[in-house]
Amino acid sequence: MAETSADILVVDDDARLRALLQRFLTEQGHRVAVAGDATEARAAIEAMAFDLLVLDVMMPGETGLQLAEHLRREGHETPILMLTARGAPDDRVAGFEHGADDYLAKPFDPRELALRIRTILRRAAPRAAPAALPEGPMQLGQRWFDAERCELRGPDGTQRLTGGEAALLTALARRAGEVLSREEIAVALGTPDAGERSVDVQVTRLRRKIEVDPREPRFLHTIRHKGYVLRPGP
């Protein structure tokens, strides 16, 4: 049984793989819907709120990357796990750049898929702030990060964070003022094999939400040859 039961949408143009994944994930305790292309996926997403999307990258017509990018632009923050036959570092980075939370190359062991899904769901689930976090929301200029709710609040209201962005900001806030290496950040994100460039992409995405000018960051700083550090303040 799955540690956390979830509503999952699997989108893949390979009917055999769709059926295998639906059966396997159902056996893991999840509720699984399937779609053969982006059009079917959109209809399913409009009809139901899913906890996780599993998208094949290479689909005829609109690709998984294009679908993920569109969903993020439309404000959908559902975690996305990309599946692809192309597992080179540049391909993984492209997945993260288009809004994916994790990336798994084909062929894969179903047990690894199950583990990655559990990691994503744990990361996305609301949870109490770690004991080492400062009490109460953390100030980042005119915005405040509430680790308990995984929310970023500011003058323009509450801004949504993806699961990866919330995990990254929480990890940095837990050790505010300390430099975290890219390897440490990757572990905190639950993607230790994603590579340094993938961490950089997540940092770039987060900066767009917490910085007035992401090119001149006030709070999330790059420490050359070492990693990143969060320095909160007014």
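Residues that are over 15 Å from residue 21 (Cβ atoms) and assigned to a helix (DSSP H, G or I) occur in the stretch 47-64; there is at least one. Number of residues in the stretch 1-34 that are among the aliphatic types (A, V, I, L, M) and in contact with a Lys or Arg (Cβ under 8 Å, 6 or more places away or on another chain): the value is 5. Only residues that are in a helix (DSSP H, G or I) and either surrounded by 15 or more Cβ atoms within 10 Å (Cβ to Cβ) or hydroxyl-bearing (Ser, Thr, Tyr) (or both) were counted across the stretch 4-29, and they come to 7. Here is a list of conditions, (1) modelled with pLDDT under 90; (2) assigned by TED's automatic domain parsing to the domain that holds residue 85; (3) within 13 Å of residue 114 (Cβ to Cβ), and residue 47 meets all of them except one; can you say which number that is? So residue 47 meets the others, but not (3).
The set of residues in the stretch 30-60 that are surrounded by fewer than 13 Cβ atoms within 10 Å (Cβ to Cβ) and either acidic (Asp, Glu) or without any contact (Cβ under 8 Å) to a residue 40 or more places away in the chain (or both) comprises 39, 43, 46, 47. Among the residues making up the stretch 160-188, a single one is among the hydroxyl-bearing types (Ser, Thr, Tyr) and surrounded by fewer than 19 Cβ atoms within 10 Å (Cβ to Cβ): 181.
Assess whether residue 42 counts as being under 25 Å from residue 161 (Cβ atoms), charged (D, E, K, R) and modelled with pLDDT of 90 or more. Spelling it out, residue 42 is indeed under 25 Å from residue 161 (Cβ atoms), charged (D, E, K, R) and modelled with pLDDT of 90 or more.
Every test in (1) in contact with a helix residue (DSSP H, G or I) (Cβ under 6 Å, 6 or more places away or on another chain); (2) at pLDDT 85 or above is passed by residue 204 save one, and that test is (1). Within the stretch 153-170, residues that are more than 22 Å from residue 122 (Cβ to Cβ) have Cβ atoms under 6 Å from residues that are at pLDDT below 85 in these pairs: 158/151, counting only partners at least 6 apart in sequence or on another chain.
Evaluate the following for residue 81: is it without any contact (Cβ under 8 Å) to a residue 40 or more places away in the chain and within 20 Å of residue 6 (Cβ to Cβ)?
Yes: the conditions hold for residue 81.
Filtered by the rule that a residue be surrounded by fewer than 14 Cβ atoms within 10 Å (Cβ to Cβ) and of a type in the set (Ser, Thr, Tyr), the stretch 189-229 gives a lone residue, 204.
When we screen 133, 121, 104, 113 for residues that are at pLDDT 90 or above and on the phi < 0 side of the Ramachandran plot, the only hit is 113.
The values are calculated or read from the model by the stated rules, or taken from the named source; none is laboratory data. Keep in mind that what you see is a predicted model, and the values were worked out from it rather than measured. All Cβ positions, glycine included, derive from the backbone under ideal geometry; neighbour counts span all protein chains shown.
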